[in-house]
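A short write-up of the structure that comes next.
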Amino acid sequence: MTKKYTSLRVSESTKMKLERVAIDVSYETKESVKWTDVANFLFDKYLHDAKADMIHKKTDSKD
């Protein structure tokens, strides 16, 4: 079964940060890495940590 994709709107500055990381990873590994590969890696590896951080930050600010 093929993967289905959708788009994600990010600011230009965020895209440039991801692009810079992709360039650095590509240079170090000698393999082509796109900024979307970096974004997907972040989602796959750090989504639950981001969720916990956001909840913690929002609940701490209510005290």
Once amide hydrogens are built 1.01 Å from N within the peptide plane, the residues lying 5 or more places from Val33 or on another chain with amide H under 5 Å from its amide H are Ser26
How far, in degrees from 0 to 90, does helix 12-29 lean away from the longest principal axis of the Cα atoms of the chain, to the nearest 10? 50
Out of the trypsin sites (Lys or Arg not before Pro) in the stretch 1-31, which ones are loop residues according to DSSP with at most 15 other C-beta atoms within 10 Å? Lys3, Lys4, Arg9, Lys30
Straight-distance crosslink candidates among aspartates and glutamates, where the alpha carbon sits under 12 Å from Lys34 and sequence neighbours closer than 8 are dropped: Glu19, Asp24
Relative to the longest principal axis of the chain, what angle (0 to 90°, nearest 10) does the C-alpha long axis of helix 35-60 take? 10
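Read-outs throughout are calculated quantities, based only on the coordinates presented, and are distinct from any laboratory measurement. These numbers were taken from a predicted model, which means no experiment stands behind them. Ideal geometry is used to build each Cβ from the backbone, glycine not excepted, and the neighbour counts take in all protein chains shown.
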